[in-house]
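**Student:** Pasting a structure below so you can have a look.
FYI, it's all coordinate maths here, none of it is from the lab. All values derive from a computational prediction rather than experimental measurement. Glycine also receives a Cβ, built like all others from the backbone with ideal geometry; neighbour counts cover every protein chain displayed.
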Amino acid sequence: MKKIFFTLITLLTYCGLQAQTYDQWIDKSFELIEQDSLSAAAETLKQAMRTEPANPRNFLLWSNLGTIQRRLNQKEEALQSYTAALSINPFSTTVLHNRATLYTEVDNIDKAIADYNLIILRDSLDPEARYCRGLLFIEKKDYLSAEQDFEHILAANEKSVRGRMGYATLEKMRENYVESERIYNYLLSELPKESALYLGRAELFYKMGKNGRAMSDINKIFNEGEPDAYTYVLRGKIKLAQFEKKAAAKDFETALQMGYDPKRINELMELCK
């Protein structure tokens, strides 16, 4: 009798799930997101798409699913979801931006650049795409292409912070440290609370061997902002340069827990021994 009872309960639950409409599944996903139940929200979006696999609005659901998976650190799954969204609407600059930044996170620079290329083909004035692509060109040591992107930004808006930040980074990588510092100092005089500028200048000071000044900039981020994994890595490298090996190792461990590249962390941890 108990077995029959539980079977009926299971069937009734299944029927209740099947009775949910496409829009009800979507509404439920929003409720779960608000409750920070991200895994459950992801499943409701999948169920919505199973309910109506040909619905053109699935483009948005795939996009939302990708963003949820990204927050869950399911990066490969998120890339697949963004790609599915683009298979429905290949010209969505929002999804292309999201996928490009995710490709950057997983160190697939060429694919990230390819996505930014598509965005710029549709909107040559998109400053975010130009800036991010310029930084990726710097990663590839294609300094001329990077300079062209930053120049394009400044041609459209000579006061652009992104354009000037791009040049500060470019000059830093070209080892034109004096010019890079000049740009960072100017930007910080205009935007004294911008943590990205302190991080960039801290990296510059570290490269120049000015570890005390680098640590001063890093401390501003920790005191006033929300440091990311790279900020912990940079602080660890500065501490390592100051022969504080235990403190450096602690920062590297924190960066690892935040999702930083394990291979790179292992290399840095070897220097702490």
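**Student:** Could you work out how far apart the two model spin labels at Arg182 and Lys207 are, taking each label as a point 7 Å from the Cα in the direction of the beta carbon, and quote it in nm?
**Tutor:** With each label placed 7 Å out from Cα toward Cβ, I get 1.6 nm.
**Student:** Treating only the Cβ atoms of Lys and Arg (+1) and Asp and Glu (-1) as charged, compute the dipole magnitude of the chain about its Cα centre; round to the nearest 20 debye.
**Tutor:** Values: 37 positive and 39 negative charges, 147 e Å.
Roughly 700 debye for the chain.
**Student:** While we're here: Over 16 Å apart: what share of the alpha carbon pairs of segment 212-273 falls there, rounded to a whole percent?
**Tutor:** Working: 710 of 1891 pairs.
Every Cα pair in segment 212-273 considered, those over 16 Å come to 38 percent.
**Student:** Rounded to whole Hz and in sequence order, give me ³J(HN,Hα) for segment 101-108 from the Karplus expression 6.51 cos²θ - 1.76 cosθ + 1.60, θ = phi - 60°, writing x for Gly and Pro.
**Tutor:** In residue order, the calculated couplings are 5, 6, 4, 5, 4, 8, 6, 9 Hz.
**Student:** By how many degrees, 0 to 90 and rounded to 10, does the Cα axis of helix 2-19 deviate from the longest principal axis of the chain?
**Tutor:** Approximately 60 degrees, to the nearest 10.
**Student:** Helix 229-241 versus the longest principal axis of the chain: what is the Cα-based angle in degrees, 0 to 90, to the nearest 10?
**Tutor:** 30
**Student:** Can you check what the net charge comes to around Leu240, using other residues whose Cβ is under 12 Å from the Cβ of Leu240 (Lys, Arg +1; Asp, Glu -1)? Show your work: numbers first, answer last.
**Tutor:** Working: positive: Arg235, Lys237, Lys239, Lys245, Lys246, Lys250, Lys273; negative: Glu244, Asp251, Glu267, Glu270.
Around Leu240, the charge tally is +3.
**Student:** Sort the following peptides by mean Cβ neighbour count (other Cβ atoms within 10 Å, averaged over residues), highest first: 227-236, 37-46.
**Tutor:** Details: 227-236: 20.9, 37-46: 18.7.
In decreasing order of mean packing, 227-236, 37-46 become 227-236, 37-46.
**Student:** Also, quick follow-up: Once you place label points 7 Å from the Cα toward the Cβ at Phe243 and Gln148, how far apart are they in nm?
**Tutor:** Using points 7 Å along Cα→Cβ, the separation is 4.9 nm.
**Student:** Assuming R0 = 25 Å, can you tell me the calculated FRET efficiency for the pair Ser39 and Gln80, based on Cβ-Cβ distance, to the nearest 0.05?
**Tutor:** 0.90
**Student:** Now for a different question. Using 32 Å as the Cα-Cα cut-off, could you pick out the over-long pairs in Lys28/Lys193; Lys46/Lys111; Lys141/Lys193; Lys140/Lys239; Lys159/Lys245?
**Tutor:** Working: Lys28/Lys193 39 Å; Lys46/Lys111 26 Å; Lys141/Lys193 30 Å; Lys140/Lys239 28 Å; Lys159/Lys245 42 Å.
Correct reply: Lys28/Lys193; Lys159/Lys245.
**Student:** Calculated FRET efficiency, Asp27 and Glu194, Cβ-Cβ r, R0 41 Å, to nearest 0.05? Intermediate values should be presented prior to the final figure.
**Tutor:** Numbers: r = 38 Å, r/R0 = 0.94.
For R0 = 41 Å, the calculated efficiency reads 0.60.
**Student:** Sorted by mean Cβ packing within 10 Å, highest first, what order do the peptides 128-138, 157-167 take? Could you put the intermediate results ahead of the total?
**Tutor:** On the way: 128-138: 23.1, 157-167: 17.9.
Put in order of decreasing packing, that is 128-138, 157-167.
**Student:** Working from the alpha-carbon coordinates of segment 142-266, get Rg over Rh, Rh being the Kirkwood radius. Working shown, then result.
**Tutor:** Numbers: Rg = 15.3 Å, Rh = 15.3 Å.
Rg/Rh: 1.00.
**Student:** When each pair of different Cα atoms in segment 21-123 is counted once in the 1/r mean, what is the Kirkwood radius in angstroms, to one decimal?
**Tutor:** 13.9
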